[in-house]
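Reviewing the structure listed below.
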Amino acid sequence: MISLAKSFGDLFDDFVHEAFRLETLSDYSGSGNTDAYRVFVDGHPQPTDYNAEWLAEVRSHVASGRRLYRVHVLTRPLTPYLRFELGWGYVTNAAAGEEFFVLDLTDRSSPLPDDVGDFWLFDSVVAALMRYVEGGKFAGAEVLPEDRAAQFVAYRDAALTHSVPFAEWWAKHGE
């Protein structure tokens, strides 16, 4: 069982069945692997060890029967960062067992409320709001009380209902 006393990072070790992520931004370039993003922007090939630590974590979770999946809400044309995240990150992470879906709002309205932002949802029991500042820089996560989880389960379900598998979307719209 997930404990709210745990840190946000501990939630990735403690979940039992699934960890879901909703991504809503078109630029996270100030977070994560900023060096790899610069390599991408400069037109260099993807390093062979790209995202190795996360890939190992994904493989470990998947091997133990746990599911990691996410929906990215976006519009076309893709920003340079989204071309990086989807073309390098999603393709690589999917090979390790992480699942990706795209909710493309280019030609339709969102099924989600306007104020829904990024979050992780662990085992449909604990939600953590993700905070970002200008330039897509991660500013922290707020782990919410369990009585808020149902709201985020509804957001997850709506996003999944209206999204398509990443591989299908990428084959049609990948840039």
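Filtering region 118-133 to residues that are among the charged types (D, E, K, R) and without any contact (Cβ under 8 Å) to a residue 60 or more places away in the chain leaves only R131. Taking the conditions (1) open to solvent by less than 40 Å² (accessible area, probe 1.4 Å); (2) part of a loop (DSSP other than H, G, I, E, B) in turn, A149 satisfies each one other than (2).
For R76, the requirement of being at pLDDT 95 or above, open to solvent by 20 Å² or more (accessible area, probe 1.4 Å) and outside any loop (DSSP other than H, G, I, E, B) is not met. If the condition is being open to solvent by 80 Å² or more (accessible area, probe 1.4 Å), aliphatic (A, V, I, L, M) and under 16 Å from F12 (Cα atoms), then region 33-70 contributes only A63. Among residues of region 154-175 being among the hydrophobic types (A, V, I, L, M, F, W, C) and open to solvent by 30 Å² or more (accessible area, probe 1.4 Å), the one that is farthest from E99 (Cα to Cα) is A154. The residue of region 87-117 that is surrounded by the fewest Cβ atoms within 10 Å (Cβ to Cβ), among those that are aliphatic (A, V, I, L, M) and closer than 22 Å to F12 by Cβ, is A95. Of everything listed in (1) touching a Ser or Thr at 6+ places or on another chain (Cβ under 7 Å); (2) open to solvent by less than 50 Å² (accessible area, probe 1.4 Å), the single unmet condition for G30 is (1).
The values are calculated or read from the model by the stated rules, or taken from the named source; none is laboratory data. Just so it is clear, the model here is predicted, and its values are computed rather than measured. As a convention, Cβ positions derive from the backbone with ideal geometry for all residues, glycine included, and neighbour counts pool all protein chains shown. Just the protein is used for accessible areas: all its heavy atoms, side chains included, with ligands, DNA and RNA removed. Shrake-Rupley method; radii C 1.70, N 1.55, O 1.52, S 1.80 Å.
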